[in-house]
Amino acid sequence: MAQPPSGTVTFLFTDIEGSTRRWEDDPGSMDDALAQHDAILRELIERHNGYVFATGGDGFAVAFARAGEAANAAVDIQRVLRERSLLPVRVGVHTGEAVEREGDFFGPAVNRAARLMAVGHGGQILVSSATERLVSGVELRDLGEHRLRDLSTPERVFQLCVPGVNVEFPPLRSVNAVPTNLPTVRTELIGRADDVTALSELVMRERLVTLTGVGGVGKTRLALGVAASVAPEFADGCWLVELAPVAGGEEVVKVVASALRSPTTGSDALAGYLAERRVFVVLDNCEHVLEAAVDLVDVVLANAKDVHVLVTSREPLGLDGEHVRRVQSLPVPDAQALPDDARSAAAVRLFAERAAAAAEGFAIDGKNVAAVVEICRHLDGIPLAIELAAARVRSMSPAEIARRLDERFRLLAGGSRRSQERHRTLFATVSWSHDLLTDDEKVTFRRLAVFPASFDLDAVEAVAGPDNDNIVDCVLRLVDRSLVDYEPAAGRYRLLETLRQFSADRLADAGETEDTRARHARYFLALSERVAPALDGVAYNDAAAALVVELDNLRATVDCCVEAGWWVEVSAMCRRLWFFITQVAPADGIAWYHRFLDRAASLDDQLVADALGELAFLEVYNLGDYEAANALSEQSRQLAEQSGSTCRRPRGSRLP
């Protein structure tokens with residue numbers, strides 16, 4: 001069996017064009033046909049020393065040490081499939097440097113080979129200019145330069161002609177094949193390959209798809225990737241309409257008509273112009289002119305039956321037939337991930353590529369990988385934030401960037417001069433969304449900053465909405481506007497940390513921080529009181545599970561109580577939750593008691609004596625530290641004797 005090649009590698013990608021459609025009338029024969037197809041390709045690939053590093057459906061991804069072996073394998077594949085009257089495959093071949101890790105390959109060269117294959121037709125072999133220079137003894141036909149999906153530079157494409165096999169094919173399915181104003185992208189779309197595939201299939205089936213998501217998550221970039229993927233299917237054009245610069249709704253129709261090269265303006269006239277055309281339209285950034293965009297899309301889709309629209313917006317249009325897909329942040333690795341696993345995560349790969357572009361020679365290694373992971377995690381995997389952070393490696397190390405992320409809105413400024421103003425800084429991106437909110441929504445959004453993690457609607461009503469009868473509607477609208485995340489499985493809500501920091505600043509500006517934190521603490525003190533009785537009975541598991549969900553909020557409650565001097569309240573909460581603390585959250589309990597006892601000089605002797613005794617139990621029960629526990633227990637006894645009281649024990653405890 002061939003081994004993974006290293007250095008300069010030639011990649012060969014194959015698949016059966018439109019394979020699933022071929023078996024719609026006879027799905028039972030699909031498995032047999034694919035098994036025969038796979039066996040032939042594997043045999044021919046191995047004969048030419050190819051290394052198969054990935055398969056998917058009916059496709060193969062193969063690495064060769066020599067370009068000539070890849071070309072010969074491609075020729076034999078097409079010839080044998082033709083001789084046996086089997087379905088032909090399309091083949092893309094490209095040569096370049098790539099990173100091999102555990103038998104898999106990563107990097108731009110791999111992507112270029114895949115994109116090259118995707119523009120071909122069954123029976124066709126397409127070769128890049130890099131490979132063309134390395135092969136000899138074969139006939140190559142120059143097909144000119146073509147723009148390939150998600151690649152920043154056009155590729156000069158050659159067709160490898162197989163003797164005795166058809167060499168005449170339709171035009172390549174590249175972006176060049178149709179009228180378009182899609183911009184040439186300059187950077188690779190990292191971590192979105194599956195999204196592009198799924199969305200491309202969706203927009204071909206459905207006529208209106210809307211991408212929503214928080215600012216900076218990459219809605220526009222993803223939409224461009226989808227548009228480039230489906231462009232060859234729309235003979236009358238694939239058009240991008242940028243609405244961010246549009247000042248008012250009255251300009252929307254004019255801007256759309258201009259982008260689509262329509263000689264007419266007015267929504268009805270534009271719909272008439274499009275009525276007999278097959279067109280794909282990307283309406284980018286609709287949120288600030290939403291009503292006008294809704295009116296126009298509604299008219300166009302009702303009258304132009306072969307027009308498909310992909311919208312990007314921070315909230316849906318709300319039209320019948322609209323399919324909404326929320327664009328998620330890039331996956332981030334666990335904080336404890338091994339270096340190799342961390343480097344393969346999409347968010348880390350994005351940081352690495354953008355940092356290497358900003359500072360020659362930058363690479364992620366064992367010394368900086370932990371800091372890069374911390375950056376990506378604290379920035380919630382938001383691509384724009386990661387790119388802005390990566391640009392800082394020109395003057396700061398990843399460790400220095402990570403240490404300063406509490407100042408992210410000041411730190412992450414100064415994006416590309418060609419970027420739109422709302423994407424020049426992280427602050428501008430979030431402000432764009434915030435400025436579109438109503439006054440009630442702004443108040444709700446800033447008050448949600450006191451929730452350190454997830455929360456439910458009952459908590460929101462008590463903490464953020466005592467003076468707002470429509471607080472639930474405000475939260476739901478914030479979800480629609482991509483400023484609050486909803487977790488359906490848990491039925492809970494949360495703010496991304498970047499948004500929470502922004503809202504916390506707005507809360508401080510409004511002078512509401514102290515009051516809102518106090519309402520938060522009172523709510524969770526009351527919740528602990530309601531749940532506590534169930535901890536001492538058959539309902540313990542359910543009660544403990546409910547408290548685990550709220551653990552971050554309980555931690556924030558302790559912080560607030562300690563800072564406010566609510567000693568009796570926090571002491572009572574710890575005693576109420578004693579069974580939960582000892583069984584589920586001992587580390588938190590120990591930390592809470594230590595924070596409490598740090599203020600011992602200002603506390604009632606009885607409270608201190610009780611706390612010392614309870615902490616002694618936790619030290620033994622959870623840490624096995626008898627020496628520390630005995631010292632704490634003795635302090636508790638002496639203080640109780642001095643004050644003429646006794647040390648009260650939580651029910652069920654056996655203190656030393």
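Assorted remarks:
- Per-residue SASA entry for Ile190, accessible area with 1.4 Å probe, Å² rounded to 10: 10 Å²
- Cross-link reach is defined here as a Cα-Cα straight distance under 26 Å, omitting same-chain residues fewer than 8 places apart; for Lys305 the lysines meeting it are Lys219, Lys254.
- Remark on the range 233-287: Rg and Dmax equal 11.1, 33 Å (Cα only).
- Alpha carbon convex hull of the range 498-595, volume per residue in cubic angstrom: 100 Å³
- Extension gain, Asp295-Ala247: 0.36 nm per intervening residue step, less the Cα-Cα distance, totals 15.6 nm.
- When the alpha carbon gyration tensor of the range 484-538 is reduced to an equivalent ellipsoid, the three semi-axes, largest first, read 28, 19, 6 Å.
- Isotropically averaged projected area of the chain, using the convex hull of Cα atoms (one quarter of hull area), nm²: 36.6 nm²
- Once both labels are positioned 7 Å from their Cα atoms along Cα-to-Cβ, the gap between Asp467 and Ser85 label points is 8.2 nm.
- Over all directions, the projected convex hull of the C-alpha atoms in the range 113-205 averages 7.3 nm² in area.
- 10 Å binning of all Cα-Cα separations within the range 341-401, expressed as whole percents from 0 upward: 26, 65, 8
- For the chain, the per residue solvent-accessible surface stands at 45 Å², with DNA, RNA and ligands left out and a 1.4 Å probe.
- The heavy atoms of Tyr486 present about 100 square angstrom of accessible area, all protein chains included, probe 1.4 Å.
- Computed [θ] at 222 nm, helices only, for the chain once each DSSP H run of length n ≥ 4 contributes -39500 (n - 2.57): -14500 deg cm²/dmol
- Counting Lys and Arg as +1 and Asp and Glu as -1 over every other residue whose Cβ lies under 10 Å from the Cβ of Leu260, the net charge comes to +1.
- Note on the range 90-137: Kirkwood hydrodynamic radius from all Cα pairs is 11.4 Å, rounded to one decimal.
- Simple point charges give the picture: +1 on the Cβ of Lys and Arg, -1 on the Cβ of Asp and Glu, and for the chain a dipole about the Cα centre of about 1480 debye.
- Put simply, when 399-409, 549-559 are sorted by average Cβ atoms within 10 angstrom per residue, most first, you get 549-559, 399-409.
- Judged by the mean number of other Cβ atoms found within 10 Å, the most tightly packed of the peptides 204-214, 120-130 leads the ranking 120-130, 204-214.
- Two-site label geometry, Leu551 and Thr265: point separation in nm, points 7 Å out along Cα→Cβ: 6.0 nm
- Of Ile581, Trp592, Ala259, farthest towards positive along the dipole that unit charges on Lys, Arg, Asp, Glu beta carbons give the chain: Ala259
- A viscosity of 1.306 mPa s and a temperature of 10 °C, combined with the Kirkwood radius over Cα pairs in Stokes-Einstein, give a translational diffusion coefficient for the range 212-319 of 115 µm²/s.
- Calculated Rg and Dmax of the range 322-474 using C-alpha coordinates, Å: 18.1, 57
- Arg278-Ala357 pseudo-label distance in nm [points 7 Å out on the Cα-to-Cβ vector]: 3.4 nm
- Solvent-accessible area, 1.4 Å probe, carbon plus sulfur percent, for the chain: 47 percent
- Shape category assigned to the range 418-560 from the gyration tensor of Cα positions, a/c cut at 1.5: prolate
- Sites Ala539 and Ile590, calculated FRET efficiency, Cβ-Cβ separation with R0 35 Å, nearest 0.05: 0.85
- Here the Kirkwood formula puts the hydrodynamic radius of the range 132-185 at 12.9 Å, using every distinct Cα pair.
- When Arg314, Arg354, Arg278 are compared by accessible area of protein heavy atoms, the largest-first order is Arg278, Arg354, Arg314, using a 1.4 Å probe.
The values are calculated or read from the model by the stated rules, or taken from the named source; none is laboratory data. Model, not experiment: these values are computed from the prediction. Neighbour counts are summed over all protein chains in view; Cβ atoms, including those assigned to glycine, are modelled from backbone coordinates with ideal geometry. Just the protein is used for accessible areas: all its heavy atoms, side chains included, with ligands, DNA and RNA removed. Shrake-Rupley method; radii C 1.70, N 1.55, O 1.52, S 1.80 Å.
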